[in-house]
Amino acid sequence: MPWIVGQDAQLVMLGTGRADLEDMLRKFDGEHHDKVRGRVGFSVKMAHRITAGADILLMPSQFEPCGLNQLYAMKYGTIPVVHVVGGLRDTVIPFDPFTESGFGWTFDRAEANKLVKCSVEDNWYVLKTSDLSNVCVDGSLV
């Protein structure tokens, strides 16, 4: 979280889980209210609004048998950044800047340094300006 707060970015988080992570979210929301907004709890409607309005969806899941959020993200034109497990490995094709193909970024271990090194900084502009309209049609990958 400290690395993200130091970037020219804003972070919005929604969810529930480990108490220490919930406390960290509340702490950063309070200390960096201009950069971090967090809500402990869950709402499907709010999750869709956040995903639709975001540039990037981060899914550092330890286990993800299928995963719908990355599919919603691609449908909304939001770039998924995922830990390559389960359904995330199957549905998010890593972006290749040389061929301008792929839909997002992947990292092989759910660790902060792996996220930072997954080429977000290097590939952001090229991926964001790519045409993602062929990613999903009526909720299906094409």
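Against the definition (in contact (Cβ under 8 Å) with a residue 12 or more places away in the chain and either part of a loop (DSSP other than H, G, I, E, B) or touching a Leu at 6+ places or on another chain (Cβ under 8 Å) (or both)), how does Glu64 come out, yes or no? I'd like the intermediate steps shown before the answer.
Details: in contact (Cβ under 8 Å) with a residue 12 or more places away in the chain: yes; either part of a loop (DSSP other than H, G, I, E, B) or touching a Leu at 6+ places or on another chain (Cβ under 8 Å) (or both): yes.
When the stated conditions are applied, Glu64 passes them.
Does Arg39 satisfy being of a type in the set (Lys, Arg), assigned to a strand (DSSP E or B), at pLDDT 90 or above and touching a strand residue (DSSP E or B) at 6+ places or on another chain (Cβ under 7 Å)?
Values: of a type in the set (Lys, Arg): yes; assigned to a strand (DSSP E or B): yes; at pLDDT 90 or above: yes; touching a strand residue (DSSP E or B) at 6+ places or on another chain (Cβ under 7 Å): yes.
Judged against the criteria, Arg39 is a match.
So which of Val82, Val135, Val116, Val120 ends up being at negative phi, modelled with pLDDT of 85 or more and among the hydrophobic types (A, V, I, L, M, F, W, C)? Don't jump to the end; show me each part of the working.
On the way: Val135 fails: modelled with pLDDT of 85 or more; Val116 fails: modelled with pLDDT of 85 or more; Val120 fails: modelled with pLDDT of 85 or more.
Within the list Val82, Val135, Val116, Val120, the selection yields Val82.
Quick check: anything in segment 8-23 touching a residue at least 12 places away in the same chain (Cβ under 8 Å) and in a helix (DSSP H, G or I)?
Among the residues of segment 8-23, at least one is touching a residue at least 12 places away in the same chain (Cβ under 8 Å) and in a helix (DSSP H, G or I), which makes the answer yes.
Condition first: of a type in the set (Lys, Arg) and either in contact with a helix residue (DSSP H, G or I) (Cβ under 7 Å, 6 or more places away or on another chain) or surrounded by fewer than 11 Cβ atoms within 10 Å (Cβ to Cβ) (or both). Now tell me which residues in segment 40-62 satisfy that.
At the first step, the residues of segment 40-62 found to be of a type in the set (Lys, Arg) are 45, 49.
Listed by number, the list holds a single entry, Lys45.
Among the residues of segment 77-114 satisfying the criterion of being surrounded by fewer than 17 Cβ atoms within 10 Å (Cβ to Cβ) and hydroxyl-bearing (Ser, Thr, Tyr), which is farthest from the chain's Cα centre (by Cα)?
Thr99
How many residues are more than 14 Å from Asp108 (Cα to Cα), small (Gly, Ala, Ser) and in a helix (DSSP H, G or I) when one looks only at segment 67-86?
Number satisfying all stated conditions: 1.
The values are calculated or read from the model by the stated rules, or taken from the named source; none is laboratory data. Not measured: the values here are computed from a predicted model. For neighbour counting, all protein chains shown are included, and Cβ atoms are generated from backbone atoms with ideal geometry for every residue, glycine included.
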